[in-house]
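Single-structure report; data block below.
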Amino acid sequence: VRELARRLGERAGPALDLQVLPESVPVGGGSLPGFELEGWALAIRHPEGAERFVARLRAAAEPVVARVREDLVLFDLRTVCEASLCDLEKSILAALR
């Protein structure tokens, strides 16, 4: 997560509001109530708002699914393999434009 945040920060510039935040996520999309996994999420606050940014991510040629909370777009990278990080980075950068 931190490496992707660093690379995005370098390519998108200092104006990008980007953070790495501790995150608890429910297991199985909530099918195991009360059981959560601790981890880290990449969080981006877009100047046009989270909903517009996440809509561009989902409409991309290779859609990216992220969550929205408190006007932040959150990326949980727990299930993203190392080989896919470059593609994810490209998709995020394209949606930022």
Quick test of your reading of the structure: Phe53 fulfils all but one of (1) open to solvent by 50 Å² or more (accessible area, probe 1.4 Å); (2) of a type in the set (Phe, Trp, Tyr); (3) within 25 Å of Pro14 (Cβ to Cβ). Name the failing condition by number.
(1)
Val27 meets each of (1) open to solvent by less than 90 Å² (accessible area, probe 1.4 Å); (2) at pLDDT below 90; (3) under 19 Å from Ala95 (Cβ atoms) with one exception, condition (3)
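Given the criterion in a strand (DSSP E or B) and free of Cβ contacts under 8 Å to residues at least 24 places away in the same chain, identify the matching residue among Val68, Val54, Val73. Reasoning before the result, please.
On the way: Val54 fails: in a strand (DSSP E or B); Val73 fails: free of Cβ contacts under 8 Å to residues at least 24 places away in the same chain.
Going through Val68, Val54, Val73 in turn, just one is in a strand (DSSP E or B) and free of Cβ contacts under 8 Å to residues at least 24 places away in the same chain: Val68.
The values are calculated or read from the model by the stated rules, or taken from the named source; none is laboratory data. Remember, predicted model here, so these are calculated numbers, not experimental data. No Cβ is skipped: glycine too gets one built from the backbone with ideal geometry, and neighbour counts run over all protein chains shown. To get the accessible areas, we keep the full protein, side chains included, count just its heavy atoms, and leave off ligands, DNA and RNA. Shrake-Rupley method; radii C 1.70, N 1.55, O 1.52, S 1.80 Å.
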